[in-house]
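Before any comments, here is the structure.
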Amino acid sequence: MSAPQSDVLSIEIIPVNNEADLGSIAWVTINRPDKLNALNADVMSSLKAMVAWVEATDSVRVVVLTGAQPNEPAEGKRAKPNAFVAGADITEFVGKRSDDIRVMFADNAVEALWNLSKPTIAMVDGFALGGGCEVACSCDVRIASDRSRFGTPEINLGLIPGYGATQRLVGLVGYGKTMEMIMTGEMVSAEEAHRIGLANHVCTPDELHAFTLKMAQTIGSKSSNTLRVGKATIRAALDVGLTEGVAIEAEAFASLFDSKDKEIGVNAFLNRSTPEWEHQ
Ligand code: COA
């Protein structure tokens, strides 16, 4: 199955390692820079198709999700700002009632991304607002340029976040900061996002691509089976209490002792060689 490209979403396939066949990174770019990569219906359906394709394609080890850079401005026009994603496309909210929104937001692409079993990294360069902040929060890791700004400004539209920020932000930045962000609608700088745990790393715009690629390559070089088990086990911490969560970890940890990759990894350490995973 080939990668599902569309006008609003491009997928570049990058090898995890140029020397060895370790599969690939899907470098996914949301491509509506004139609208600050806002999430319209086309973007959402393309994201869902991308997630389904990644899940079904064994060779894809990691996803990097980013937003397209601004186009050159037309003569006499000001340049658009850099954006990861500036939110849901607000023009699609006009005239909508609750019944429309229940349908639009049911089983949406942000939940699909969250439920992807493979590792995901958001590479944020510019505004990550509303649904953009929520897309970033649905990835496993967020790496931001120092000119990025995160926020949940829905309050200014008479709304609250609808793609999971009321829940997922709490896990990342805590209850108090989530309340502040959602109630004020104010943006936080990349530096503050890093300080409060929203951005894992912050670097200059020039360093952002190489830094993100290196992390994607590092993660992509691990056993994909072990990564999948690890991701699902960490997720349990968000849904269950400590005692149950530790029991889930104990079972997941034990189950990996029946995997070939545990044999491969342990032997490679003892032989001072590089592991060649069965589940790469
Ligand atoms: N939905 C639809 N279009 C959007 C958008 C969104 N969420 N965010 C930006 N755009 C569009 C603008 O309408 C504008 O389109 P135009 O050039 O055809 O008029 C274009 O993107 C550039 O945005 P603009 O507002 O002119 O840029 P700016 O530098 O003045 O301001 C922001 C940047 C991010 C502060 C501002 O665009 C903004 O507040 N966006 C909405 C953020 C938001 O509320 N998100 C949550 C939505 S639920």
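Side notes on the structure shown:
- Some residue of region 52-64 being crowded, with 22+ Cβ neighbours inside 10 Å, within 30 Å of K222 (Cα to Cα) and within 16 Å of the ligand (Cβ to nearest atom): no
- Scope region 225-266; condition open to solvent by 100 Å² or more (accessible area, probe 1.4 Å) and farther than 25 Å from W277 by Cα; matching residues: L238, D239, L242, T243, E244
- Any chance H201 is modelled with pLDDT of 95 or more, under 27 Å from W277 (Cα atoms) and in contact with a strand residue (DSSP E or B) (Cβ under 8 Å, 6 or more places away or on another chain): no
- Only one of the listed residues (A136, A144) is assigned to a strand (DSSP E or B) and either at positive phi or crowded, with 23+ Cβ neighbours inside 10 Å (or both). That residue is A144.
- Under the condition of being aliphatic (A, V, I, L, M) and more than 10 Å from the ligand (Cβ to nearest atom), the residues counted in region 130-159 number 5.
- Residues in region 3-38 that are open to solvent by less than 50 Å² (accessible area, probe 1.4 Å) and within 16 Å of the ligand (Cβ to nearest atom): 7 in all.
- When residues of region 165-183 are limited to those that are away from the ligand (no atom under 13 Å from the Cβ) and in contact (Cβ under 8 Å) with a residue 24 or more places away in the chain, the one nearest to V103 (Cα to Cα): R168
- Pairs where the first residue, in region 25-37, is within 30 Å of S224 (Cα to Cα) and assigned by TED's automatic domain parsing to the domain that holds F127 and the second is open to solvent by 40 Å² or more (accessible area, probe 1.4 Å) and of a type in the set (S, T, N, Q), C-beta under 7 Å, 6+ apart: T29/S10; N31/S10
The values are calculated or read from the model by the stated rules, or taken from the named source; none is laboratory data. Given the structure is predicted, the values throughout are model-derived calculations rather than measurements. Backbone-built Cβ (ideal geometry, glycine too); neighbour counts: all protein chains shown. To get the accessible areas, we keep the full protein, side chains included, count just its heavy atoms, and leave off ligands, DNA and RNA. Shrake-Rupley method; radii C 1.70, N 1.55, O 1.52, S 1.80 Å.
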